[in-house]
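To start, the structure itself, in structure tokens.
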Amino acid sequence: MKGHHLAELNIGRLLAGVDDPRVAEFIDNIDRINGLGKRMPGFVWMLEGSGGPGATDHAIGGDALLVPNLTVWEDAASLETFVWGTVHKQFYEKRAEWFEVLGKMHFVMWWVPEGHKPTLDEALERLEMLNERGDSPDAFGWDYLKEATMWKTHGCQVAAE
């Protein structure tokens, strides 16, 4: 969309706290993977933490294990390339080792005006819209974006597995 960028929110509930050995591989690599994302063509912005690894200190609903990843990209192709065309894919494929199955949609995308940095509350509202109404121009998943195809062959599921 001309004049807009693609925002995405992905939430997950860790199996254990950030200092627990069960999630150590994920936690130990979060800054490396986030750093790679920030260097990717098409990356615009990322919600940062204030001390914890990644954005893990932005606990959702007071649950220290329920953590967000909120980013903005120039377009869907840039996000797709990062998610499934880099080492990030290896971590995506191992998510079941570190995250609980949430049982409902935990990922949402939407278009934002260029220069807009969405808040976590705004992003959570978009996720709620998607869970309540399904895909719409205001909140959608990968299948809504007709130009996006990599998710179809890389096991993107509605619920974390």
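Quick rundown of the values:
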read-out	value
Filter result (buried (at least 19 other Cβ atoms within 10 Å of the Cβ), more than 13 Å from ASN69 (Cβ to Cβ) and free of Cβ contacts under 8 Å to residues at least 40 places away in the same chain) within the range 19-42	ILE27
Number of positions in the range 1-15 that are outside any strand (DSSP E or B) and either hydroxyl-bearing (Ser, Thr, Tyr) or more than 17 Å from GLY54 (Cα to Cα) (or both)	3
All positions within the range 73-110 that are loosely packed, with under 15 Cβ neighbours inside 10 Å and hydrophobic (A, V, I, L, M, F, W, C)	VAL87, ALA96, VAL101
Where LEU6 falls short, out of the listed (1) touching a strand residue (DSSP E or B) at 6+ places or on another chain (Cβ under 9 Å); (2) surrounded by fewer than 17 Cβ atoms within 10 Å (Cβ to Cβ); (3) within 29 Å of LEU145 (Cα to Cα); (4) not aromatic (Phe, Trp, Tyr)	(2)
Candidate set: the range 44-67, residues that are touching a strand residue (DSSP E or B) at 6+ places or on another chain (Cβ under 8 Å) and part of a loop (DSSP other than H, G, I, E, B); chosen: the one most open to solvent (accessible area, probe 1.4 Å)	HIS58
Residue match in the range 13-27 (condition: among the aromatic types (Phe, Trp, Tyr) and under 14 Å from the mean Cα position of the chain (by Cα))	no
Inter-residue pairs, beta-carbon under 7 Å, first on the phi > 0 side of the Ramachandran plot and in the range 116-128, second surrounded by fewer than 21 Cβ atoms within 10 Å (Cβ to Cβ), 6+ apart	none
Count of residues meeting criterion [open to solvent by less than 80 Å² (accessible area, probe 1.4 Å) and either over 13 Å from GLU8 (Cα atoms) or in contact (Cβ under 8 Å) with a residue 60 or more places away in the chain (or both)] in the range 129-142	5
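The values are calculated or read from the model by the stated rules, or taken from the named source; none is laboratory data. All values reported here derive from a predicted model rather than from experimental measurement. Positions of Cβ are backbone-derived with ideal geometry, glycine not excepted, and every protein chain shown enters the neighbour counts. When the accessible area is computed, the model is the full protein with side chains, heavy atoms only, and any ligands, DNA or RNA have been set aside. Shrake-Rupley method; radii C 1.70, N 1.55, O 1.52, S 1.80 Å.
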